[in-house]
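Notes follow once the structure below has been shown.
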Amino acid sequence: MAGTDTARTDTTRTDTTATRTVRSFCRVCTSVCGILVETAGDQVLRVRGDRDHPMSAGYTCPKGRALPDVHHHPDRLERPLMRAGDGFRPTTWEECLDDLGARVRAIIDEHGPSAVGIFFGSGVGMDAAGYKMAQSLHRAIGTPAKFSPLTIDGTAKVLISDLVGGTPALAGRPDYDTATFVLFVGSNPVVSHGHTVAMPNPIGTLKALRDRGEIWVVDPRQTETAKLATGHLAPRPGTDHAVLAYLVREVLRDGARRDVLENRCVDADTLAAAVEPFTLEHTAAICDVPADELTALCAAVRRAERVAVETGTGVTMSASANVTQWLSWALMIVTGSMNQPGGAWFHPGFGNRLENVQLPVSPAGGSFGPGPRSRPETHSFLGEWPCAVLADEIEAGNIRAVLNLGGHLVTAFPDTETLVPALRKLDVFATIEIIANETTALSTHVLPTKDQLERADITLWDNLMPRVATQYTPAVVEPVGDRRSTWWVLAELGRRLGHDLAATSGDAATDGARLAKVVPRDTFGEDLTTRQWAETDRQLPAPWVERHLDRLGGWRLAPRLLVDQLAGLTEPAPLVFVPRRQKRHLNSQFDFLGTQAEILIHPDDATPASVRDGEPVTVRTAHGEITGLARVDPAVRRGAVSIPHGHQYANVNRLTDKNDLDPITGMAHYSGVPVTIHPG
Ligand SMILES: Nc1nc2c(c(=O)[nH]1)N[C@H]1C(S)=C(S)[C@@H](COP(=O)(O)OP(=O)(O)OC[C@H]3O[C@@H](n4cnc5c(=O)[nH]c(N)nc54)[C@H](O)[C@@H]3O)O[C@H]1N2
Ligand SMILES: Nc1nc2c(c(=O)[nH]1)N[C@H]1C(S)=C(S)[C@@H](COP(=O)(O)OP(=O)(O)OC[C@H]3O[C@@H](n4cnc5c(=O)[nH]c(N)nc54)[C@H](O)[C@@H]3O)O[C@H]1N2
Ligand code: SF4
Ligand SMILES: [Mo]
């Protein structure tokens, strides 16, 4: 950010107040846009885009601009709270942590560490020092009961890196700098700014891509992204694997890169046999799309020199998640697009540079381990248990304490109807939060930590950024009330459990000192704290990926688990619900921006059910029901009912089922669940 390190903080005195502008970056989502925050005293007045930011160049979205209202939220938490009967009483950190520490310690002494469950929620996911301390605390406690959004968001993606790429660390994304063909399957970056992989200024990125080449979208809804695309296919939800299998079949018959297949892959014949049934006619029938739309997409793939496929939650939340993700990788592999300009780029990370390590090669059967006792049909994946098992583990008496680090379990976890009574039975349910909600209301201890404007930070998930970079922000305002740093709270809890995780007083106890441990030593000097941005060049092709492939012996094109899952997939039901993100909402957050739980229904589905536009609609599954606002909308295909998540009053997880899981990953099905609709 050359030339911008002057006047990071600009102070203007007027007669009555001093307003300051502080350069920072937004940590609402992984796009981490550069922002300028205007304050006056302890008031946060305004957030706007930072035009000098090397990545986002002035772009912000309504969520980032609403940060002042998050900070001044009427329900913000300012003091530690301890349960007192049906309510809470405010307390001191000393008393709260002593009580929590003593209770957790007693549970561990009596029942062992696995009686403590830890959820790494989105709220600490963007707090670099806090997240690192959470990892240290988890290791110190030594519980296998670790949960995170991984298993309610996108397990299939990591699974495929692991099974096909031989390491979960290979997170690919389209090379947006030079791509000429990008296929989005079940992702709507114009609203979401990308699934797992960040895309600040999505409309700008996509328009630049359109000027250069083609964008294709596979989505049951004509999304904001589809409106910018060259072509859009709307197959029946959960049938995306067929589209990809058809494309792989066609390319393998004509146009595959023979050199790649022979020298850089194993099991190409098994892949060919697996996709053989997916002829044009068969695929058109499964997906219920016109055959000429499939042939047009296939022709575009053939025209492209390299192919980049980006999937999102529309894929990872469905029953065909793993096989669709697998076949999207297969398409990129057989077209020679992996680790190539215009194809898939594998980010090396900034803080932990993958090019400096030798990635261990995963076992061919995947990185699975033992699961919880109450759900013997599930297993752990990458050291985590599926979120869906939490309620059963509590009911079985196996988990007695839950440390909830910035999660809104009541809206995020499947099967609210069984989860909430289970949470009530916990001896300890400690929640780290900034704003009171239905989850804090169920907690025994509520631990208020600094919000993003109150803490210095760096970009933790630098591997999700479009550049090989990291950035720093100072704290913008003083913390309100008794709020403390997340890392401090967790280290203090650790101390009470007998673990010395960090100094919590003295010079070593500042946020800055903790952050210095997150990025390599030489990055966190004058340079990062004054310029706030550190970057190195991108390599594509990246030698470290090729070295890993050498050790792997080539892409594993046909893992047995996936070949079997593909063969066993059954037909989706005629009417199902599908997930959708909303522009002015982030999961359960930003309710104050007034977003309604709008349920989108095709006229052909609404009319026979007597559901009318703008009126309440009740959606029922075998499991439960919710009522939201009907939007009769021809942009969503017949048979798909599009429901947003994160609304407490129309909580879509009342419709989901903790027993309806992907058999490989244990990920709950959040898409493609059969429904009926009724006037509300
Ligand atoms: N049915 C269904 N369920 C879903 C989904 C779906 O599409 N359908 N989506 C899933 C997905 S993709 C995800 S990622 C999960 C998300 O599930 P969660 O991780 O539970 O995410 P949020 O609802 O965003 O809750 C984050 C909480 O963190 C708090 N918070 C915000 N900033 C801070 C901070 O600086 N510090 C602290 N301590 N807390 C903070 C917020 O107030 C909020 O209550 O939900 C999943 N659940
Ligand atoms: N504004 C906003 N941004 C967000 C979030 C938010 O809540 N609001 N959440 C953040 C989080 S935690 C995540 S994980 C990401 C998610 O990022 P994305 O995965 O891009 O999420 P969506 O925008 O919901 O796009 C999913 C698309 O999948 C489609 N879909 C549903 N079922 C199917 C199916 O069976 N097949 C196909 N092909 N498509 C299907 C839906 O119609 C929808 O358009 O977004 C992040 N960004
Ligand atoms: S796109 Fe994400 S990072 Fe950028 S302003 Fe919006 S919420 Fe913040
Ligand atoms: Mo997510």
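The values are calculated or read from the model by the stated rules, or taken from the named source; none is laboratory data. The structure presented is a predicted model; accordingly, all values stated were derived computationally and were not measured. Please note: Cβ atoms are built from the backbone with ideal geometry, for glycine as well, and neighbour counts cover all protein chains shown. The area values use the complete protein model at the heavy-atom level, side chains included, leaving out ligands, DNA and RNA. Shrake-Rupley method; radii C 1.70, N 1.55, O 1.52, S 1.80 Å.
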Checklist line | Among the candidates Thr627, Thr656, residue that is of a type in the set (Val, Ile, Thr) and over 22 Å from Gly238 (Cα atoms) | finding: Thr627
Item checked: Among the residues listed as Leu419, Leu354, the single one being under 17 Å from Leu661 (Cβ atoms) and touching a Phe, Trp or Tyr at 6+ places or on another chain (Cβ under 8 Å) -> Leu419
Next item on the list: Hey, could you check the stretch 223-240 for residues that are touching a strand residue (DSSP E or B) at 6+ places or on another chain (Cβ under 6 Å) and touching a residue at least 60 places away in the same chain (Cβ under 8 Å) and say which is most open to solvent (accessible area, probe 1.4 Å)?
Entry: Thr230
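Looking at the stretch 115-129, is at least one residue under 27 Å from Ala229 (Cβ atoms), under 15 Å from the mean Cα position of the chain (by Cα), modelled with pLDDT of 95 or more and open to solvent by 30 Å² or more (accessible area, probe 1.4 Å)?
no
Table: residues versus (1) touching a Cys at 6+ places or on another chain (Cβ under 6 Å); (2) within 13 Å of ligand 2 (Cβ to nearest atom); (3) within 24 Å of Gly349 (Cα to Cα).
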residue: Val185; (1), (2), (3): no, yes, no
residue: Thr196; (1), (2), (3): no, yes, yes
residue: Arg221; (1), (2), (3): no, yes, no
residue: Leu233; (1), (2), (3): no, yes, no
residue: Val248; (1), (2), (3): no, no, no
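Quick grid of which residues meet (1) away from ligand 4 (no atom under 16 Å from the Cβ); (2) open to solvent by less than 10 Å² (accessible area, probe 1.4 Å):
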residue: Ala299; (1), (2): yes, no
residue: Arg306; (1), (2): yes, no
residue: Val315; (1), (2): no, yes
residue: Ser328; (1), (2): yes, yes
residue: Asn339; (1), (2): yes, yes
Notebook entry, point to check: In the stretch 592-600, is there at least one residue being among the hydroxyl-bearing types (Ser, Thr, Tyr), within 25 Å of the chain's Cα centre (by Cα), within 16 Å of ligand 3 (Cβ to nearest atom) and surrounded by fewer than 19 Cβ atoms within 10 Å (Cβ to Cβ)?
Noted result: yes
Next item on the list: Please find, among Pro608, Pro616, Pro603, the residue that is touching a Gly at 6+ places or on another chain (Cβ under 9 Å), over 20 Å from Asn188 (Cβ atoms) and open to solvent by 10 Å² or more (accessible area, probe 1.4 Å).
Entry: Pro616
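Every residue, every condition in (1) touching a Ser or Thr at 6+ places or on another chain (Cβ under 8 Å); (2) within 16 Å of ligand 3 (Cβ to nearest atom); (3) open to solvent by 10 Å² or more (accessible area, probe 1.4 Å), yes or no:
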{"site": "Ala134", "(1), (2), (3)": "yes, no, no"}
{"site": "Leu150", "(1), (2), (3)": "no, no, yes"}
{"site": "Ala156", "(1), (2), (3)": "yes, no, no"}
{"site": "Pro174", "(1), (2), (3)": "no, no, no"}
{"site": "His195", "(1), (2), (3)": "yes, yes, yes"}
{"site": "Pro202", "(1), (2), (3)": "yes, yes, no"}
Margin query: Being modelled with pLDDT of 95 or more, under 25 Å from the mean Cα position of the chain (by Cα) and away from ligand 4 (no atom under 16 Å from the Cβ): is that true of Ala156 here?
Written below: no
Item checked: Complete set of residues in the stretch 20-35 that are part of a strand (DSSP E or B) and away from ligand 1 (no atom under 14 Å from the Cβ) -> Arg20, Thr21, Val22, Arg23, Gly34, Ile35
Note to self: Quick test of your reading of the structure: Arg48 fulfils all but one of (1) touching a residue at least 40 places away in the same chain (Cβ under 8 Å); (2) open to solvent by 30 Å² or more (accessible area, probe 1.4 Å). Name the failing condition by number.
What the structure shows: (1)
Notebook entry, point to check: What number goes with the only condition from (1) open to solvent by 20 Å² or more (accessible area, probe 1.4 Å); (2) more than 16 Å from Ala558 (Cα to Cα) that Arg249 does not pass?
Noted result: (2)
Notebook entry, point to check: Inside the stretch 403-423, can you point out the residues that are more than 17 Å from Ala436 (Cα to Cα) and free of Cβ contacts under 8 Å to residues at least 60 places away in the same chain?
Noted result: Pro421, Ala422
Next item on the list: List every residue pair whose Cβ atoms sit under 8 Å apart, with the two residues 6 or more apart in sequence or on different chains, where the first one lies in the stretch 309-321 and is farther than 19 Å from Met199 by Cβ and the second, anywhere, is open to solvent by less than 10 Å² (accessible area, probe 1.4 Å) and more than 13 Å from ligand 1 (Cβ to nearest atom).
Entry: Ser318/Thr324; Ala319/Asp662; Ser320/Thr239; Ala321/Asp662; Ala321/Thr665
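Mind listing whichever residues of the stretch 549-559 are touching a residue at least 40 places away in the same chain (Cβ under 8 Å) and part of a helix (DSSP H, G or I)? Spell out the reasoning first.
Within the stretch 549-559, the subset touching a residue at least 40 places away in the same chain (Cβ under 8 Å) is 549, 551-559.
Leu549, Arg551, Leu552, listed by residue number.
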Next item on the list: Can you confirm whether the stretch 403-426 contains a residue that is over 22 Å from Arg654 (Cβ atoms), away from ligand 4 (no atom under 16 Å from the Cβ) and either open to solvent by 30 Å² or more (accessible area, probe 1.4 Å) or out of contact with any strand residue (DSSP E or B) (no Cβ under 6 Å at 6 or more places or on another chain) (or both)?
Entry: no
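Per-residue answers, yes or no, for (1) outside any loop (DSSP other than H, G, I, E, B); (2) within 18 Å of Val315 (Cβ to Cβ):
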position: Thr178; (1), (2): no, no
position: Leu183; (1), (2): yes, yes
position: Val190; (1), (2): yes, yes
position: His195; (1), (2): no, yes
position: Met199; (1), (2): no, yes
position: Ala208; (1), (2): yes, no
position: Asp211; (1), (2): yes, no
position: Val248; (1), (2): yes, yes
position: Leu252; (1), (2): yes, no
Next item on the list: Quick one: which residue in Gly366, Gly383 is touching an Asp or Glu at 6+ places or on another chain (Cβ under 8 Å) and either closer than 21 Å to Pro189 by Cα or surrounded by fewer than 23 Cβ atoms within 10 Å (Cβ to Cβ) (or both)?
Entry: Gly366
Next item on the list: Might you let me know whether the stretch 536-557 holds any residue that is closer than 30 Å to Gly406 by Cβ and in contact with a strand residue (DSSP E or B) (Cβ under 7 Å, 6 or more places away or on another chain)?
Entry: no
